[in-house]
Ligand SMILES: [Cu+2]
């Protein structure tokens, strides 16, 4: 893993001007916690702030099915969406090296209603308009994944755009203006 990380680092190095020349890429560990006593499933820490080229490794703390999946509109434009396979066994791990700057919002599909979500900020925060805008096809695929666990009535996922639209319908005035 380290060798691969270093190789990616070497490949990206020339293009990533923001990265300090003397900085080595780091690995950040996020524990994937199943707290059966308190009926909670969560990522610990819930937020990691890293630099481009760093790797985040999620480690399953129990024998429980969890995954790490980006919301369709929860990652920066031009970046790769993250979706892990299921971590099933205790100590099973999955790593992702983040090359693009911005905010990545993710969650665990089966435990989303329990609030199992997390955030990775790479370099700096994304502005709302910098997030990936999902295509209809991507939304369909994402809803198909959710339907493996929930029916439509049980779970509705709205995009950033939907939320913005429903917000602007309210009589409340906002200072910002829309680009559209
Ligand atoms: Cu989970």
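Note on residue 124 and residue 161: the extension gain reaches 11.2 nm, defined as 0.36 nm multiplied by sequence separation minus the Cα-Cα distance.
The convex hull built on the alpha-carbon positions of the range 90-172 has an orientation-averaged projected area of 8.0 nm². Relative to the current alpha-carbon distance between residue 65 and residue 89, full extension at 0.36 nm per residue lengthens the span by 7.9 nm. Placing pseudo-labels 7 Å out from each Cα toward the beta carbon at residue 31 and residue 169 gives an inter-label distance of 4.3 nm. Would you please state the base-10 log of I(q)/I(0) at q = 0.20 1/Å for the range 2-167, with intensities from the Debye formula using one equal scatterer on every alpha carbon? At q = 0.20 Å⁻¹ the computed log10 ratios are -1.38.
Where a number appears in this text, it was derived from the coordinates with a stated rule and is not lab data. The structure presented is a predicted model; accordingly, all values stated were derived computationally and were not measured. Every residue, glycine as well, gets a Cβ built from its backbone with ideal geometry; the counts of neighbours run over all protein chains shown.
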